[in-house]
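Reviewing the structure listed below.
The values are calculated or read from the model by the stated rules, or taken from the named source; none is laboratory data. All values derive from a computational prediction rather than experimental measurement. Note that each Cβ is placed from the backbone with ideal geometry, even for glycine, and that neighbours are counted across all protein chains shown. These accessible areas exclude ligands, DNA and RNA; they are computed on the full protein's heavy atoms, side chains included. Shrake-Rupley method; radii C 1.70, N 1.55, O 1.52, S 1.80 Å.
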Amino acid sequence: MNILIDDGSNVTYITLDGHVELHKYKYLYFVITFTVYILIICSNSCIVCLICIHKNLHEPMYVFIAALLINSVLFSTAIYPKLLVDFLSEKQIICYSACFVQAIMYYTLIYSEFLLLAAMAYDRYVSICKPLQYPTIMKKTTVCMFLVLSWLVPAFETTVAVSLYNKLCSFTLKGIFCNNLLYNTQCVRSKPLSIYGVLILLNVAFLPVFFILFTYSRILIITYRSSREVRRKAAQTCLPHLLVLINYSCFVTYDVVTVRLGSDIPKTARLIMTLQIIMYHPLFNPIIYGLKMTEISKHLRMLFCQVKSH
């Protein structure tokens, strides 16, 4: 157990032991990670600002996209600042309580993305399959309710899960930030925690995915019988959401398989996969929505043209 003294009181620290040859490559790690973090903030914030500024983007679909991109920035901010500090520090440690807070933020933002994608799928279903009822169903209050629930439900369920952790016996985490690896550091594995973890996965991951797939299958069936223009519109708006869903599902599958099932993956491979996930996904969303969503793409081109002209 690592105990450090701070202002006369004992403070428990957890060692983050997932780094590989940090003493040799710490500046390279730092530069690459810092550059990616800036790109994540700039790319996501740029599209969010465009959605806020242009009135023709003040529709539920674009509001949900903005929420998804804000989620990516918050997700990165929960990990990157501490990661950057660790790269340049002699010891890669984190305070016991701060580790649990980081884990809560990490999983809250992961699960909220599934709920946001489910809300977007419902919005597309109503827009394409029930266009006449769309204004009455997707009201401002409905959109706000979806947004609030998408963040509050995962936050509540993740906080409850953390409260079920037993006393920790191991204070070395085989990762570069705090996540479900904490499960393997308990003195005694908590059965209630294991059961509750499965329920969380069902509630805020599997059920939203099933709902999304069901919704898009209904859209596919209805648009197949419609005109070519309707099929084209459906493909333009639904394809980016499906791409994000597939990408994100792979991300969560990796997290569950390697952490919960304790897969024996070499340290270097684990680090590469972890860095790829926390760097790749937050950049994937703005690229997909910036390129595939026609209205956003149009405003981005106009913005770049204005910048070039100046």
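With every protein chain left in place and a probe of 1.4 Å, what is the accessible surface of Glu21, to the nearest 10 Å²?
About 80 Å², rounded to the nearest 10.
In whole percent, and with a 1.4 Å probe on the protein chains, what portion of the accessible area of the range 162-284 is carbon and sulfur?
Taking all protein chains in place, the range 162-284 shows 69 percent carbon and sulfur surface.
Largest first, how would Phe211, Phe171 line up by accessible area (1.4 Å probe)? Could the numbers behind the result be given before it?
Working: Phe211 80, Phe171 25 Å².
Result of the area sort, largest leading: Phe211, Phe171.
So if I place +1 on the C-beta of Lys and Arg and -1 on the C-beta of Asp and Glu, and nothing else carries charge, what would the dipole magnitude of the range 156-310 be about its Cα centre? I want it in debye, nearest 20. Each step should come with its number before you reach the end.
Numbers: 17 positive and 5 negative charges, 84 e Å.
Computed about the Cα centre, the dipole is about 400 debye.
Heavy atoms only, probe 1.4 angstrom, no DNA, RNA or ligands counted: give me Arg231, Arg225 ranked by accessible area, highest first.
Reading off the accessible areas and sorting them downward yields Arg225, Arg231.
Suppose accessible area is computed on protein heavy atoms with a 1.4 Å probe; arrange Arg270, Arg124, Arg301, Arg218 from highest to lowest. Working shown, then result.
Working: Arg270 40, Arg124 10, Arg301 135, Arg218 90 Å².
Correct descending sequence by accessible area is Arg301, Arg218, Arg270, Arg124.
Would you kindly enumerate the cysteines in the chain that have no other Cys beta-carbon under 4.7 Å from their beta-carbon?
By the Cβ distance rule, which asks for a partner under 4.7 Å, the isolated cysteines are Cys42, Cys46, Cys49, Cys52, Cys95, Cys129, Cys144, Cys238, Cys250, Cys305.
Of Lys91/Lys191; Lys82/Lys298; Lys82/Lys167; Lys26/Lys167; Lys139/Lys233; Lys82/Lys140, which sit over 29 Å apart, Cα to Cα?
Violating the 29 Å Cα-Cα cut-off are Lys91/Lys191; Lys82/Lys298; Lys26/Lys167; Lys82/Lys140.
Using θ = phi - 60° and the Karplus curve 6.51 cos²θ - 1.76 cosθ + 1.60, what whole-Hz ³J(HN,Hα) does each residue of the range 167-172 get, with Gly and Pro shown as x?
4, 8, 10, 9, 10, 10
Under 8 Å for C-alpha pairs, at least 6 residues apart: give me the relative contact order for the chain, rounded to a whole percent.
26 percent
Which of the DSSP-defined H helices in the chain satisfy a minimum axial length of 27 Å, computed from C-alpha atoms, and a minimum mean Kyte-Doolittle hydropathy of 0.5?
In the chain, the long hydrophobic H runs are 22-53, 96-129, 140-163, 267-292.
Hey, can you find the accessible area per residue of the chain for me, probe 1.4 Å, expressed in square angstrom?
Values: 16160 Å² over 310 residues.
For the chain, the per-residue accessible area is 52 Å².
How much solvent-accessible surface does Lys24 expose, in Å² to the nearest 10, with a 1.4 Å probe and all protein chains in place?
For Lys24, the solvent-accessible surface is approximately 120 Å².
If amide hydrogens are placed 1.01 Å from N in the peptide plane, which non-local residues have theirs closer than 5 Å to the one on Leu168?
So Leu168 has HN proximity to Cys187.
Run the accessible area of the range 64-124 with a 1.4 Å probe and give the carbon-and-sulfur part as a rounded percent.
72 percent
Counting only residues 5 or more places away or on other chains, whose amide H sits under 5 Å from the amide H of Ile93 once H atoms are built in the peptide plane?
Leu16
How much accessible surface area, in Å² rounded to 10, belongs to the heavy atoms of Leu220 with a 1.4 Å probe?
The accessible area of Leu220 comes to roughly 120 Å².
Cβ under 15 Å from Val31's Cβ, Val31 left aside: what net charge do those residues give with Lys, Arg +1 and Asp, Glu -1?
Residues near Val31 contribute +1 overall.
Quick check of the Kirkwood formula: for the range 116-257, what is the inverse mean of 1/r over all pairs of different Cα atoms, in Å? Before the final figure, lay out the partial values.
Values: mean 1/r = 0.0565 Å⁻¹.
It works out to 17.7 Å.
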